[in-house]
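A.B. asks: Dropping a structure here in structure tokens format, bear with me for questions.
The values are calculated or read from the model by the stated rules, or taken from the named source; none is laboratory data. This is a predicted model, so every value here is computed, not measured. Quick reminder, even Gly has a Cβ in these numbers, built from the backbone with ideal geometry, and neighbours come from all protein chains shown. Protein only, heavy atoms only, side chains kept; ligands, DNA and RNA dropped before computing areas. Shrake-Rupley method; radii C 1.70, N 1.55, O 1.52, S 1.80 Å.
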Amino acid sequence: MSVFGIGVAYGLSTLFAMFAGMPIAFALGAVAVVFMAIYMPAASLDTVTQNVYEEMASITLLSIPLFILKGAAIGRSRAGQDLYSALHAWLHRVPGGLGVANVFACALFAAMAGSSPATCSAIGSAGIPEMRKRGYSGGFAAGIIAAGGTLGILLPPSITMILFAIAAEKSLGRLFLAGIGPGLLLVTLFGLYAVVRFRQEYARAKVVYEKSGAWSDILTKDEYTMAQRFSVLPRVIPFVLLLTGVMVALYGGLATPSETAGLGGILALVLIAIIYRVWSPADLAPIMKATLRESTMLMLIIGMSLLYSYVMSYLHISQSVAESIVAMHLPRWELLFAILLMVVVLGFFLPPVSIILMTAPIILPPLRAANFDIIWFGVVMTIVMEMGLIHPPVGLNIFVIRNVAPDIPLREVIWGTLPFVLLMMAAVLLLCFVPQISTALPDLVMGPDLSR
């Protein structure tokens with residue numbers, strides 16, 4: 001069978017296994033082993049575990065479970081709710097300040113936890129009821145949290161970016177820095193939309209009240225004294241200092257990414273023990289179980305994805321696809337558009353981790369040949385994958401919101417997230433026209449990237 005035929009069979013077999021309900025890790029591993037048995041020497045089957053081990057024996061991968069531990073420690077405590085309360089107290093005078101506070105809370109929590117679902121759950125459990133209580137529509141409230149949660153894979157420390165750095169063989173520190181500018185851009189866009197949308201809902205509620213006398217809670221104005229504002233800071237500042245300390249240690253060259261992750265995990269446990277009295281075995285058990293469960297699931301997906309990519313490379317599938325793309329001689333921007341469109345379609349069905357590990361061997365060679373900055377592309381691809389977290393049919397964050405706020409109909413949640421998908425598209429276009437939003441900070445801190 002030709003390489004083209006093997007490639008088609010490989011892809012169709014993978015889709016069949018996934019749509020049959022098989023977990024992603026097992027689907028990728030099973031398809032890889034079957035094709036090894038059919039098309040590769042018998043001795044290759046004896047080296048499956050060795051190949052997987054060698055691919056996963058990366059010190060950078062060690063940072064993943066440690067960052068997950070830090071996120072679980074913060075997410076399983078009241079840190080998210082306290083962070084949200086503090087921001088609301090300081091932003092309540094801004095039109096739509098409650099919505100803006102939720103956007104900032106999602107961004108800060110995402111930067112501390114590095115997990116999109118954890119951010120949605122922690123901030124959403126406090127923010128959505130408060131927004132609904134103050135008259136925000138269900139779709140608006142759900143959209144803010146779902147979109148804000150996606151920042152967890154863009155702002156450092158991002159597990160998704162760790163995997164991209166490994167797949168692309170690029171500096172993790174440079175990639176983390178490259179995500180900060182676009183992350184702040186999205187926070188700004190989301191915050192501005194929250195203000196505009198609030199003004200629209202406020203105006204409609206005011207017209208209804210003037211015509212019929214029907215009062216809406218969105219017309220209520222909160223007031224906080226200066227003493228109340230400062231009273232909410234003591235529990236929040238230590239976690240902000242934790243985030244700052246971790247970033248300084250990483251970018252100041254004081255620690256490697258893995259050492260930084262370990263430092264962050266330990267300090268997070270110490271902080272929740274001091275601030276929230278979480279130190280007994282019964283209190284720590286949910287944190288450790290969540291860390292173990294998520295780390296095991298993620299590392300298994302990574303291992304099987306690496307094996308899947310290894311088989312794809314051995315059978316010359318990825319090389320042939322990459323050569324075919326290059327042979328089309330597409331203009332560089334059309335090439336980028338075609339690749340990002342493929343990522344969008346994959347985002348309908350797959351999580352970011354699988355998309356990166358499955359597509360990197362195929363898409364990176366043509367992009368390098370077209371002289372694209374791979375660090376810049378990693379950020380753009382991450383934003384595109386963020387869209388997959390909040391659009392159907394899979395949309396992981398949509399289902400997290402459904403668990404947090406089951407009273408909001410799924411249809412409202414989906415319609416509430418669509419404006420944020422459009423804002424992400426606008427951010428991608430802006431990054432294409434002004435790549436310095438992503439590249440300026442890494443070049444300033446670490447110097448020009450000579451490997452571009």
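A.B. asks: Can you tell me which of G183, G191, G213 is among the small types (G, A, S) and loosely packed, with under 13 Cβ neighbours inside 10 Å?
C.D. replies: One residue alone meets the criteria, G213.
A.B. asks: I'm trying to understand the selection: among the residues of segment 398-436, which are under 17 Å from C120 (Cβ atoms) and among the charged types (D, E, K, R)?
C.D. replies: Within segment 398-436, R402, D407, E412 qualify.
A.B. asks: Looking at segment 432-446, can you tell me whether even one residue there is outside any loop (DSSP other than H, G, I, E, B), under 27 Å from S324 (Cβ atoms) and among the aliphatic types (A, V, I, L, M)?
C.D. replies: no
A.B. asks: Another question about this same structure. Pick from S305, S295, S258: which is over 12 Å from L66 (Cα atoms) and small (G, A, S)?
C.D. replies: It is S305.
A.B. asks: In the list L284, L340, L367, L306, which residue meets the criterion of being closer than 20 Å to F35 by Cβ and either polar (S, T, N, Q) or part of a helix (DSSP H, G or I) (or both)? So that I can check it myself, show each step before the final result.
C.D. replies: Values: L284 fails: closer than 20 Å to F35 by Cβ; L340 fails: closer than 20 Å to F35 by Cβ; L367 fails: closer than 20 Å to F35 by Cβ.
After applying the criteria, what remains is L306.
A.B. asks: I'm checking my understanding of the structure. Among residues of segment 401-452 that are closer than 21 Å to L364 by Cα and hydroxyl-bearing (S, T, Y), which one is farthest from the chain's Cα centre (by Cα)?
C.D. replies: Out of the qualifying residues, it is S451.
A.B. asks: Exactly one condition in (1) within 30 Å of S171 (Cβ to Cβ); (2) over 28 Å from the mean Cα position of the chain (by Cα); (3) surrounded by 14 or more Cβ atoms within 10 Å (Cβ to Cβ) is false for Q50; which is it?
C.D. replies: (3)
A.B. asks: Another one. Would you call G96 in contact (Cβ under 8 Å) with a residue 60 or more places away in the chain, buried (at least 16 other Cβ atoms within 10 Å of the Cβ) and under 30 Å from L241 (Cα atoms)?
C.D. replies: Criteria met by G96.
A.B. asks: Looking at segment 370-395 only, could you name the residues that are aliphatic (A, V, I, L, M), in a helix (DSSP H, G or I) and farther than 17 Å from A141 by Cα?
C.D. replies: Taking segment 370-395 first, the residues aliphatic (A, V, I, L, M) are 370, 374-375, 379-381, 383-385, 387, 389-390, 394.
From what's left, in a helix (DSSP H, G or I): 374-375, 379-381, 383-385, 387, 389-390.
Hits for segment 370-395 are I374, I375, V379, V380, M381, I383, V384, M385, M387.
A.B. asks: Can you go through M36, M40 and tell me which one is buried (at least 18 other Cβ atoms within 10 Å of the Cβ), on the phi < 0 side of the Ramachandran plot and in contact (Cβ under 8 Å) with a residue 12 or more places away in the chain?
C.D. replies: The match here is M36.
A.B. asks: Please find, among G135, G191, the residue that is at pLDDT 90 or above and more than 30 Å from G447 (Cα to Cα).
C.D. replies: Residue meeting the stated conditions: G191.
A.B. asks: Could you please tell me which pairs satisfy a Cβ distance under 8 Å, a separation of 6+ or placement on different chains, a first residue in segment 256-278 that is in a helix (DSSP H, G or I), and a second residue that is open to solvent by 20 Å² or more (accessible area, probe 1.4 Å) and modelled with pLDDT of 85 or more?
C.D. replies: Note: pairs meeting the criteria are L269/L284.
A.B. asks: Ok, one more. Exactly one of these conditions fails for E130: (1) closer than 30 Å to K170 by Cβ; (2) at pLDDT 75 or above. Give me its number.
C.D. replies: (1)
A.B. asks: Quick check on this structure: which one of G21, G5, G29 is in a helix (DSSP H, G or I), closer than 25 Å to P352 by Cα and out of contact with any strand residue (DSSP E or B) (no Cβ under 6 Å at 6 or more places or on another chain)?
C.D. replies: That would be G29, the only listed residue that is in a helix (DSSP H, G or I), closer than 25 Å to P352 by Cα and out of contact with any strand residue (DSSP E or B) (no Cβ under 6 Å at 6 or more places or on another chain).
A.B. asks: Name the pairs: first residue in segment 129-149 and of a type in the set (K, R), second residue part of a helix (DSSP H, G or I), Cβ to Cβ under 8 Å, at least 6 apart or on different chains?
C.D. replies: From segment 129-149, the pairs are R132/G138; R132/A141; K133/D217; R134/L98; R134/D217; R134/I218.
A.B. asks: Looking at segment 297-313, I want the residues that are buried (at least 22 other Cβ atoms within 10 Å of the Cβ) and among the aromatic types (F, W, Y) and have a partner that is at pLDDT below 80 and in a helix (DSSP H, G or I) with Cβ atoms under 8 Å, at least 6 apart or on another chain. Which pairs are those?
C.D. replies: The qualifying pairs are Y308/L357; Y308/M358.
A.B. asks: Counting only residues that are in a helix (DSSP H, G or I) and open to solvent by less than 10 Å² (accessible area, probe 1.4 Å), how many does segment 140-159 have? Outline the logic, then answer.
C.D. replies: Taking segment 140-159 and keeping what is in a helix (DSSP H, G or I), we get 140-153, 159.
Then drop every residue that is not open to solvent by less than 10 Å² (accessible area, probe 1.4 Å), which leaves 140-152.
Final tally of qualifying residues: 13.
A.B. asks: Same structure again: Hey, could you check segment 314-329 for residues that are outside any helix (DSSP H, G or I) and open to solvent by 70 Å² or more (accessible area, probe 1.4 Å) and say which is farthest from I6 (Cα to Cα)?
C.D. replies: Only one residue fits best here, namely H329.
A.B. asks: With respect to A110, determine if the residue is modelled with pLDDT of 80 or more and under 24 Å from P238 (Cβ atoms). If you could, list the steps in order and put the result at the bottom.
C.D. replies: Values: modelled with pLDDT of 80 or more: no; under 24 Å from P238 (Cβ atoms): yes.
Against the criterion (modelled with pLDDT of 80 or more and under 24 Å from P238 (Cβ atoms)), A110 does not qualify.
A.B. asks: Here's another thing I want to ask about it. Would you point out which residue out of L340, L357, L346 is modelled with pLDDT of 80 or more and open to solvent by 10 Å² or more (accessible area, probe 1.4 Å)? Step through it out loud before you land on a result.
C.D. replies: Values: L357 fails: modelled with pLDDT of 80 or more; L346 fails: modelled with pLDDT of 80 or more.
When all the criteria are applied, what remains is L340.
A.B. asks: Output the residue which, of all residues in segment 388-418 that are of a type outside the set (V, I, T) and in contact with a Gly (Cβ under 6 Å, 6 or more places away or on another chain), is most open to solvent (accessible area, probe 1.4 Å).
C.D. replies: Within segment 388-418, the match that is most open to solvent (accessible area, probe 1.4 Å) is W415.
A.B. asks: Please specify each residue of segment 223-255 satisfying the condition of being aliphatic (A, V, I, L, M), out of contact with any Ser or Thr (no Cβ under 8 Å at 6 or more places or on another chain), under 30 Å from R174 (Cβ atoms) and touching a residue at least 60 places away in the same chain (Cβ under 8 Å). Break it down into steps so the answer makes sense when it comes.
C.D. replies: The first filter runs over segment 223-255 and keeps only residues aliphatic (A, V, I, L, M), leaving 226-227, 232-233, 236-237, 240-243, 246-250, 254-255.
Pick out the ones that are also out of contact with any Ser or Thr (no Cβ under 8 Å at 6 or more places or on another chain) and you get 226-227, 233, 236-237, 240-243, 247-248, 254-255.
Cutting the leftovers down to under 30 Å from R174 (Cβ atoms) gives us 236-237, 240-243, 247-248, 254-255.
Across segment 223-255, the qualifying residues are V236, V240, L242, L243, M247.
A.B. asks: In addition: Filtering segment 360-370 down to residues that are in contact (Cβ under 8 Å) with a residue 40 or more places away in the chain and over 22 Å from L389 (Cα atoms), which residue is surrounded by the fewest Cβ atoms within 10 Å (Cβ to Cβ)?
C.D. replies: Filtering segment 360-370 for residues in contact (Cβ under 8 Å) with a residue 40 or more places away in the chain gives 360-366, 369.
Those left that are additionally over 22 Å from L389 (Cα atoms): 361-362, 364-366, 369.
Working: P361: 19, I362: 21, L364: 22, P365: 17, P366: 23, A369: 14.
Of everything passing the filter in segment 360-370, A369 is surrounded by the fewest Cβ atoms within 10 Å (Cβ to Cβ).
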